[in-house]
Amino acid sequence: MSAFTVEIRVMPRASLLDPQGQAVQHALQALGFAEVASVRAGKHLVVQMQAITREEAAAKARVMCDRLLANPVTEDYECSVSL
Amino acid sequence: MQRVAVVVFPGSNCDADTLDAARAAGSDAYYVWHRDTDLQQADAVILPGGFSYGDYLRSGAIARFSPVLRAVAAHARAGGAVLGICNGFQILCEAGLLPGALMRNARLKFLSRPVRVRVEAPDTPFTQSYDRGEELTLPIAHGDGRYVADAETAAMLEANGQVVWRYVAENPNGSTHDIAGICNAGRNVVGIMPHPERRNAPVLGGQDGARVFLSLEARNATQHAGDMRAVDGRHLRV
């Protein structure tokens, strides 16, 4: 068993309205960042876990996302594993 | 008299109003704590509004794993009536007992005010004392009230008449197809974003929500007697 750190990025699905990202986009533009074209806001979770291999850690993290951390109706996720 | 279980989660805050509304309609209503696994022979289960688990992660996402949800799912599978109001609606979607999901209001603000909704489906346990097309004033109080479903699911909801309430005049939160409430394919599991329990007596500004709870008793009357019954002096249409 080794300790792995899994970083999970959960983002609102691209086809859905993201009002939080839009609000941040408007605030950045109001600050003078006229070059900002779009902002999307999601969640970043860091999970410390024990696993035998990196693959096992990644597989378990995907199950966590499917069952709890992301809503399959509205969100997509990505996981990256490091030792 | 129907036995109505009102589930209490940590963070529920409409449980007392919901219990009162069910009792005012003549039901034998009682609380069930979220860690209980026995619904005590409930005829109907109501998941009330509030902020279960502080809305952490997503509204309803953690409550879905409360022990009581297994019993609620079994009750629903057996055809038992289940109503989710506001946070309860969010929990039913997270639990997969209703399709779709509820997301942040399109204009981000938490909204707490009366809105107009139309009854689109009077053929559920919680709407059968309403007429199809009847318009109601009900209060909303939500930050995550924007119902979303993919195009295929939304088309299925429309084709099967599973849209139970729809916002009229204005859509406060940007929901798909102006949806304010839906039911499952079996029509026994119902979710509504507005709060009928906050509008069940003249002293609350109106009683358009009362028949959500009276409908349960009307169904009871139909099942047991097939005649008119009076609950709190009010004759039910059965």
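Odds and ends about this structure:
- Filtering the stretch A:31-61 to residues that are of a type in the set (Val, Ile, Thr) and touching a Gly at 6+ places or on another chain (Cβ under 6 Å) leaves only A:VAL39.
- Among residues of the stretch B:80-96, those that are within 14 Å of chain A (Cβ to nearest Cβ) and surrounded by fewer than 24 Cβ atoms within 10 Å (Cβ to Cβ), counted: 2
- Strands (runs of 3 or more DSSP E) within chain A that include 1 or more residues within 13 Å of chain B (Cβ to nearest Cβ), of a type outside the set (A, V, I, L, M) and free of Cβ contacts under 8 Å to residues at least 60 places away in the same chain: A:43-51
- Considering residues of the stretch B:101-134 that are among the charged types (D, E, K, R) and more than 14 Å from chain A (Cβ to nearest Cβ) only, the residue surrounded by the fewest Cβ atoms within 10 Å (Cβ to Cβ): B:ARG113
- Enumeration of residues in the stretch B:65-83 that are outside any loop (DSSP other than H, G, I, E, B) and without any contact (Cβ under 8 Å) to a residue 40 or more places away in the chain: B:PHE65, B:LEU69, B:ARG70, B:ALA71, B:ALA73, B:ALA74, B:HIS75, B:ARG77
- Checked against (1) surrounded by fewer than 22 Cβ atoms within 10 Å (Cβ to Cβ); (2) of a type outside the set (A, V, I, L, M); (3) within 14 Å of chain A (Cβ to nearest Cβ), B:GLY145 passes all but condition (1).
Every number in this text was worked out from the coordinates using simple rules, so none of it is lab data. Keep in mind it's a predicted model, so treat the numbers as computed, not measured. Note: ideal-geometry Cβ built from the backbone for every residue, glycine included; neighbour counts use all protein chains shown.
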